[in-house]
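Written out below as structure tokens is the structure these notes cover.
The values are calculated or read from the model by the stated rules, or taken from the named source; none is laboratory data. It should be emphasised that the depicted structure is a prediction, and the values quoted were computed from it without experimental measurement. Note that each Cβ is placed from the backbone with ideal geometry, even for glycine, and that neighbours are counted across all protein chains shown.
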Protein chains: 2
Amino acid sequence: MSNRAQAAEWEPRYAGRAEHMRASEIRELLKLLEEPGIISFAGGIPDPALFPLEAARTAYAEVLSGAGAGAALQYSVSEGYQPLRQWIVRHMDRLGVPCDEDNIVITCGSQQALEFLGRVLLSPSDTALVTTPTYLGALQAFSAYEPRYDELRPEQGNRTPASYTERAAAGGGSVKFAYIVPDFANPTGETLSVAARKRLLDLATELDIPIIEDSAYAALRFDGEPLPAIQALNVAQCGSIDRAHTIYCGTFSKTLSPGLRVGWIAGPKPLIRRLVLVKQASDLNSATINQMVMRRLAETSYERQVTAARVHYRRRRDAMLAALERYMPKGATWTQPQGGLFVWVRLPEGCDGAKLLERAVAEAKVAFVPGAAFFFDGRGRNTIRLSYSLPGEEQIDEGIKRLARMI
Amino acid sequence: MSNRAQAAEWEPRYAGRAEHMRASEIRELLKLLEEPGIISFAGGIPDPALFPLEAARTAYAEVLSGAGAGAALQYSVSEGYQPLRQWIVRHMDRLGVPCDEDNIVITCGSQQALEFLGRVLLSPSDTALVTTPTYLGALQAFSAYEPRYDELRPEQGNRTPASYTERAAAGGGSVKFAYIVPDFANPTGETLSVAARKRLLDLATELDIPIIEDSAYAALRFDGEPLPAIQALNVAQCGSIDRAHTIYCGTFSKTLSPGLRVGWIAGPKPLIRRLVLVKQASDLNSATINQMVMRRLAETSYERQVTAARVHYRRRRDAMLAALERYMPKGATWTQPQGGLFVWVRLPEGCDGAKLLERAVAEAKVAFVPGAAFFFDGRGRNTIRLSYSLPGEEQIDEGIKRLARMI
């Protein structure tokens, strides 16, 4: 190859597909957090103090011992390790979604679930319905397939089906799905009411589109009674997961461990069959050994881990809400999450989250994520996402005090 | 959602993107192999007897102990675990490709590498150049992005650059890359000569396209001296991996373990930066714990494992070539692999590999993969792929004897 070929050539060559470059901004942000002395409300990742290390050590030792040990290091079927799918079937049944193994495909975390669904459902110029704000990683996963976005407002009352259809048609495509995090959403911490879940189902029926239900945080409820999964409501209406149009994305990342990269999709069998082919073409199978270990962890530790996580994060949520109440100036408002890892703060009008971050890191050694990244349309400049998952209660108090001073 | 919504609706809904449905045929085939008594030459997967179980047990126990244990179960950076990338940098240097960590991104096996490269490089109607036959999984990965294929013939002399360009233009796109497995290819077991590697580089330069070099089997050489990687030849010509247009896909699946799903891409930094964003949007990161373990296995066991695998598979290759020589009827010809896991057999004219398989399984309890699946254009009906990776030497002799009788 000649020396004419310059590295710079690669960039335009690979710029064929749009991608959310916000990812790299967030990346820079996360680097900041490695600086010592910073109190970070940015992460949103589980507290490693909760990880079931002892159980994981035992599980890895066990799957690597005995006659079947070789299987743990071998290729395996694309749909996923059968005993793990059987555990998930029982889990879904407890959530009000009776199904069988053929309704489940294992993915590398729910991020891969979202990427697969974007790939299967979206073509360029199609429309995906999302809330504003919504999970940044979902926008990243979907945006590789160049959709347009339109706004879902299940709590306040969605627009009419015709208005969604018409706007999508004006954009050169049609509405392909509605994506939602109904419980303790990333980034707002808010939970969708049962009435809003039903309104969303009605809208999806009218539009004849699937709902992608991202349940990443659903197990982490601190207060009140669990609300039914949208898929459970859908199954109750139509009698079977195979007749329902809800696609449920589950994960062990917030309950057992994100480092094993094990999540799943529960949906109608024809969709799952197609996703198994996508999985096969994408990476053949999720790591065999981790699926075998996750099944053991699920059986031995799921309930205990979820209970411990609820107690742990509830304390931190309480500390953060108390500190916000104590220190925040007038004009700032925030959500009251009943679970999950996030509080969403609306700053006084005119206050810019991104600029605040720069100053907060430099002058107060406090970090968070500016809210605009979670909007597909660049709104939300006066919002910020605070996570209470990593700092201890005293740090939370101190960090919010420092942050409030900057506002 | 109303009961009108029938499961059958899902299939057309998700049929928007073309996909290699051959996958499901192969799947059916592989199920056959679970039947007891079958001698299988179909697999092409490593012999689990070679897996470094003891080293893996130790490595998992170590990464889950001590102060850093939590990190093994946590999210990690999308580009991959730094010490593993550092090992790969040293490995690439030994292959004649000096590079640094920023030239490496970790993937879930090289299958994910191929999928990512298809996603980044291909748009519908673009052309990918592949050999006939080629790796089925590559066709599956690329075909999600709806390319056309054209034929690469590096050994026999490729066509003129203009002829590739014109055919691609007639198909409504342009040539986007050349994909090749240069060493002990799946499915043929053949190795590209140095002269052919150079011809391929010349063609890629003329067409101004990258070469995707899939090195899955390169470490498994039984006879003769290693040939330089195409990327090494390319770097020798142009002075730096960042100026070279070869993208190297490496994997630990055939040397240490496929069940951990750890592979990598080595390429120019701007491409790698882009692939890191693709990785982030696709599954955030490869399983953290497996990357930490793979780094330990690479450091403690790579040389020993590769040596053991060479001895092990060489014996089986020898047994298979001897049996073919002994039993095969006139008119059948086969390759003489110097490494890897496969022998490629051309049956006498008029003999159909798929039909032979049906009979061979039913009447002789022998399985293999019919060759046509490895051609993008459905040729190769009188070819079959035999793998000697799983059956022992006596089984190989017996299986080939039975198979030869059917032909």
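What's the total number of residues in the range A:278-287 that are crowded, with 24+ Cβ neighbours inside 10 Å, in a helix (DSSP H, G or I) and within 7 Å of chain B (Cβ to nearest Cβ)?
Summing the residues that are crowded, with 24+ Cβ neighbours inside 10 Å, in a helix (DSSP H, G or I) and within 7 Å of chain B (Cβ to nearest Cβ) in the range A:278-287 gives 3.
Only one of (1) touching a helix residue (DSSP H, G or I) at 6+ places or on another chain (Cβ under 6 Å); (2) more than 9 Å from chain A (Cβ to nearest Cβ); (3) in contact (Cβ under 8 Å) with a residue 60 or more places away in the chain; (4) not β-branched (Val, Ile, Thr) is not met by residue B:339, so which one is it?
Condition (1) is where residue B:339 drops out.
Name the single residue, out of those in the range A:342-361 being closer than 22 Å to residue A:390 by Cα and free of Cβ contacts under 8 Å to residues at least 40 places away in the same chain, that is surrounded by the fewest Cβ atoms within 10 Å (Cβ to Cβ).
A:358
In the range A:234-269, what count of residues is obtained for those that are more than 16 Å from residue A:209 (Cβ to Cβ) and assigned to a helix (DSSP H, G or I)?
Count: 3.
Given the structure, is residue B:247 touching a residue at least 12 places away in the same chain (Cβ under 8 Å), away from every other protein chain (no Cβ under 11 Å) and of a type in the set (A, V, I, L, M)?
No: the conditions fail for residue B:247.
Within 10 Å of chain A (Cβ to nearest Cβ) and acidic (Asp, Glu): does that describe residue B:101?
Against the criterion (within 10 Å of chain A (Cβ to nearest Cβ) and acidic (Asp, Glu)), residue B:101 does not qualify.
Which of the residues belonging to the range A:220-231 are touching a Lys or Arg at 6+ places or on another chain (Cβ under 9 Å) and either buried (at least 24 other Cβ atoms within 10 Å of the Cβ) or within 13 Å of another protein chain (Cβ to nearest Cβ) (or both)?
A:220, A:230
Mind checking whether some residue in the range A:162-175 is more than 22 Å from the chain's Cα centre (by Cα) and among the aromatic types (Phe, Trp, Tyr)?
Within the range A:162-175, one or more residues are more than 22 Å from the chain's Cα centre (by Cα) and among the aromatic types (Phe, Trp, Tyr).
Would you tally the residues in the range B:130-144 being free of Cβ contacts under 8 Å to residues at least 60 places away in the same chain and within 10 Å of chain A (Cβ to nearest Cβ)?
Residues meeting the conditions: 3.
Does residue A:296 fit the bill of being within 19 Å of residue A:59 (Cα to Cα), touching a residue at least 60 places away in the same chain (Cβ under 8 Å), in the same structural domain as residue A:176 (by TED's automatic domain parsing) and assigned to a helix (DSSP H, G or I)?
yes
Based on what the data block shows, is residue B:300 at pLDDT 95 or above, of a type in the set (Ser, Thr, Tyr), buried (at least 21 other Cβ atoms within 10 Å of the Cβ) and farther than 30 Å from residue B:398 by Cβ?
no
If you go through the range A:56-80 one residue at a time, how many are more than 10 Å from chain B (Cβ to nearest Cβ) and in contact with a Ser or Thr (Cβ under 7 Å, 6 or more places away or on another chain)?
Of the residues in the range A:56-80, 1 are more than 10 Å from chain B (Cβ to nearest Cβ) and in contact with a Ser or Thr (Cβ under 7 Å, 6 or more places away or on another chain).
The rows are residues; the columns are (1) within 13 Å of another protein chain (Cβ to nearest Cβ); (2) closer than 26 Å to residue B:85 by Cβ; (3) touching a Pro at 6+ places or on another chain (Cβ under 6 Å).
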{"residue": "B:158", "(1), (2), (3)": "no, no, no"}
{"residue": "B:165", "(1), (2), (3)": "no, no, no"}
{"residue": "B:170", "(1), (2), (3)": "no, no, no"}
{"residue": "B:179", "(1), (2), (3)": "no, yes, no"}
{"residue": "B:216", "(1), (2), (3)": "yes, yes, no"}
{"residue": "B:233", "(1), (2), (3)": "yes, yes, no"}
{"residue": "B:240", "(1), (2), (3)": "yes, yes, no"}
{"residue": "B:269", "(1), (2), (3)": "yes, yes, no"}
{"residue": "B:272", "(1), (2), (3)": "yes, yes, no"}
